Structures are given as C-alpha cells and as structure tokens.
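Encoded as structure tokens, the structure appears first; notes follow it.
The values are calculated or read from the model by the stated rules, or taken from the named source; none is laboratory data. What you are looking at is a predicted structure, and each value in this text was computed from that prediction instead of being measured. Cβ atoms come from the backbone with ideal geometry, glycine included; neighbour counts cover every protein chain shown. Accessible surface is based on the protein model in full, side chains and every heavy atom, while ligands, DNA and RNA are left aside. Shrake-Rupley method; radii C 1.70, N 1.55, O 1.52, S 1.80 Å.
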Amino acid sequence: MTIFDKFKLDNQVAIVTGGATGLGKAMAEGLAQAGTNLVIADINLDTAQSTAQYFTETTQNEAIACQVDVTSASDVAKMIDVVMEKFGRIDILFNNAGINEHVKFEDMPYERWLKNMDVNINSMVLVSQAVGKIMIEQQKGSIINTSSMSGLIVNTPQPQAAYNTSKGAVIMFTKSLANEWAKHGIRVNTIAPGYMKTELTKDYFAQGGEMIDTWMKFTPLGRPGTPDELQGPALFLASDASSFVTGSVLTIDGGYTVYKFCDSRDCDEILMITIAFSLAL
Ligand SMILES: NC(=O)c1ccc[n+]([C@@H]2O[C@H](COP(=O)([O-])OP(=O)(O)OC[C@H]3O[C@@H](n4cnc5c(N)ncnc54)[C@H](O)[C@@H]3O)[C@@H](O)[C@H]2O)c1
C-alpha cells in the first residue's frame with residue numbers, strides 16, 4: 001500500500017452535518033472525490049438536496065440529503081435509521097453544523113446562549129452517541145468535530161463569548177471521546193479553522209472596517225481562507241493517512257494563532273513591529 005492508497009475512501013460512508021453549504025459542503029466534496037458515499041445532514045432541506053444531487057452527478061459515488069436539526073434527538077435517530085437502511089454502515093462522522101453570533105455578553109439573552117451551546121456542542125453529543133454505537137459495533141470509525149481557532153484563543157474585537165465557550169468545549173469533548181473510544185478502533189479529532197470566507201462570515205468581509213482589518217493584520221498569510229483549503233486536512237483526518245492521530249486539534253488559520261499563543265510581552269513586541277512596518281509602508 002502506498003501513501004496515496006491511504007488517502008482513498010472508496011465505498012465508505014460519511015455523514016456531514018451542516019454539509020449543505022459553506023465549509024461542510026467543501027469538506028464533503030473532498031471526501032466524495034476520495035471515494036466516499038455521503039449523507040448531507042442539514043436543517044435546510046432544499047440546499048442539502050441540491051448539494052447531494054451535485055455530488056451524485058459529479059462523482060462516482062452516491063450522496064443523499066437528510067433534513068436534520070442536529071439539536072433534536074428524534075431527528076438524529078430518524079437520520080440514523082435512514083442511513084443504516086440505505087448504506088448499512090457509517091465510517092466517517094463530520095460534526096460540522098455551527099452558528100456564530102456577535103453579541104456583548106451583558107446583552108446576551110440566556111436562551112440565545114443555550115441555543116449557541118445546543119447547536120455548537122450539545123448536537124455533537126447527540127449525533128456522536130447515536131453514530132458511535134454503530135461504530136463500536138463495527139470496531140471502526142473516524143469522527144471529526146469542527147471547532148475553531150476561537151476554541152483556542154479569544155478573537156478580537158468581536159464579542160462572542162458563547163461561540164468561544166462552545167468551541168473550547170468541542171476540543172475537550174474531542175479529547176475525551178478519543179480516550180474512551182480508542183479501544184473500539186474509533187479515532188476522534190477536531191479541526192480549528194481560522195477566518196474563512198463563507199455564508200457565516202461573508203457579510204463581515206463585505207462590510208470591512210476595523211474588525212476585518214484586525215483579523216487580517218494578525219493573519220500572517222494576510223487573507224481569509226477559502227473553504228476548499230480545508231479539504232486536505234479533512235481528508236487526512238478522515239482517512240487511514242492519519243491512522244495514529246487521535247484526540248488532536250488541527251489548526252488551519254493562516255498562522256493567526258502563532259501571535260495569540262505567544263506570551264503577552266512577545267505579543268506587544270509583535271504589535272509594535274507590525275505598526276512600525278505598516279507606518280513604513
Ligand atoms: N466560516 C468561518 O470563518 C469559520 C471559522 C472557524 C470555524 N467555523 C465553523 O465551521 C462550521 C461551518 O461554518 P460555515 O462557515 O460553513 O457556516 P455556514 O453558515 O456557511 O454553514 C453552516 C451549515 O450548518 C447548517 N445548520 C445550522 N444549524 C443547524 C442545525 N441546528 N441542524 C443542522 N444543520 C444546521 C446550516 O443550514 C448550514 O448549511 C461551524 O461549526 C463554524 O462554527 C467557521
């Protein structure tokens with residue numbers, strides 16, 4: 001077997017939540033191109049159906065759409081029934097559905113806080129438990145959870161305490177499951193994307209201003225990522241190419257967290273250098 005063979009996902013079955021659009025769609029496309037059958041699990045049925053149809057038409061594999069609110073245990077149970085009847089197995093689970101709101105913490109209604117937690121982390125509990133039972137029977141599986149660099153550092157200047165908290169929880173959830181399920185042949189990892197241009201963020205980029213300037217100033221690559229730039233990392237974690245990788249956080253952020261992980265003195269120096277450099281230009 002060559003290293004290229006290890007990246008192949010022929011005849012495997014992957015569920016991608018929030019896979020109808022944005023990062024989920026792009027990562028699902030990478031998996032489809034590597035040979036996997038796909039379940040596009042999304043709250044938005046119309047978009048999920050057109051995405052599934054697009055994958056079926058453009059790859060050798062089958063893709064189906066499932067309307068699922070990932071915060072609903074009954075929706076998740078129905079999805080599992082449909083997938084098992086159709087494909088009879090689940091090899092890859094991509095817990096990717098997520099929401100983001102910029103609200104000052106003092107103004108955040110408690111119900112909105114809970115909504116953020118429900119979609120961004122509690123949904124992963126529901127879906128992973130349901131799919132995990134099947135993977136445990138199979139003694140095989142790869143689970144990938146979409147966190148964010150906001151699970152590692154506090155982004156600025158936008159106020160998003162709920163988002164940061166939920167994405168931090170995704171990382172500890174991932175490590176905990178990796179520990180519990182390694183003995184069943186199930187690997188569990190997380191990706192932590194930086195600023196990417198998608199439906200979730202396109203209005204922010206279109207508006208520009210201080211927030212976007214700050215984001216880009218601290219991104220060494222100097223630009224937002226594009227959804228297709230997550231395909232390589234997603235395929236790596238889904239496939240046997242990462243067979244010894246579990247409980248890990250793969251950060252894909254154009255370098256943003258290199259600044260934020262340094263100690264405060266270093267950060268001040270970097271800020272001074274950045275300002276001096278900008279002035280010189
Ligand atoms: N865009 C970024 O810059 C960025 C950066 C880091 C992490 N992320 C994370 O990546 C993931 C995808 O983000 P995106 O930018 O593609 O967002 P997006 O809004 O473009 O897509 C999110 C998808 O999730 C679906 N969804 C939302 N709530 C759902 C629910 N309750 N049940 C089922 N599906 C639901 C939506 O219908 C949509 O198809 C999220 O978890 C997000 O937090 C995004």
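One table, with the values for the structure above:
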| quantity | calculated |
| --- | --- |
| FRET efficiency, 1/(1 + (r/R0)^6) with R0 22 Å, evaluated for Lys197 and Asp10 via beta carbons | 0.10 |
| Highest-fluctuation residue, Met108, Met149, Met79 considered, GNM on the chain with Cα pairs under 10 Å | Met108 |
| Most mobile listed residue (Gly132, Gly209, Gly22) in the chain, GNM with C-alpha springs under 10 Å | Gly209 |
| Calculated FRET efficiency for the pair Met172/Gln207, C-beta based, R₀ 30 Å, to 0.05 | 0.35 |
| Computed [θ] at 222 nm, helices only, for the chain once each DSSP H run of length n ≥ 4 contributes -39500 (n - 2.57) | -14500 deg cm²/dmol |
| Set of lysines near Lys86 by C-alpha distance (under 25 Å), chain-local residues within fewer than 8 positions excluded | Lys8, Lys25, Lys78, Lys133, Lys140 |
| Label-to-label distance, nm, for residues given as Glu85 and Ile99 (7 Å Cα→Cβ offset) | 2.9 nm |
| Cα shape, the range 50-102, gyration tensor, a/c 1.5 rule | oblate |
| Label-point separation in nm, Ser50 to Thr2, each point 7 Å along Cα→Cβ | 3.9 nm |
| Max mean-square fluctuation residue, GNM over the chain, Cα-Cα springs under 10 Å, options Glu62, Glu101, Glu199 | Glu199 |
| Overall Cα dimensions of the chain - principal axes, largest extent first, Å | 61, 48, 38 |
| For peptides 111-121, 214-224, sequence by mean Cβ density within 10 Å, most packed first | 111-121, 214-224 |
| Local net charge near Thr71, Cβ-Cβ under 9 Å (Lys/Arg +1, Asp/Glu -1) | -2 |
| Accessible area of the range 3-280 belonging to carbon and sulfur atoms, whole % at 1.4 Å probe | 55 percent |
| Solvent-accessible ranking of Phe173, Phe94, Phe105, Phe4, largest area first, probe 1.4 Å | Phe4, Phe105, Phe173, Phe94 |
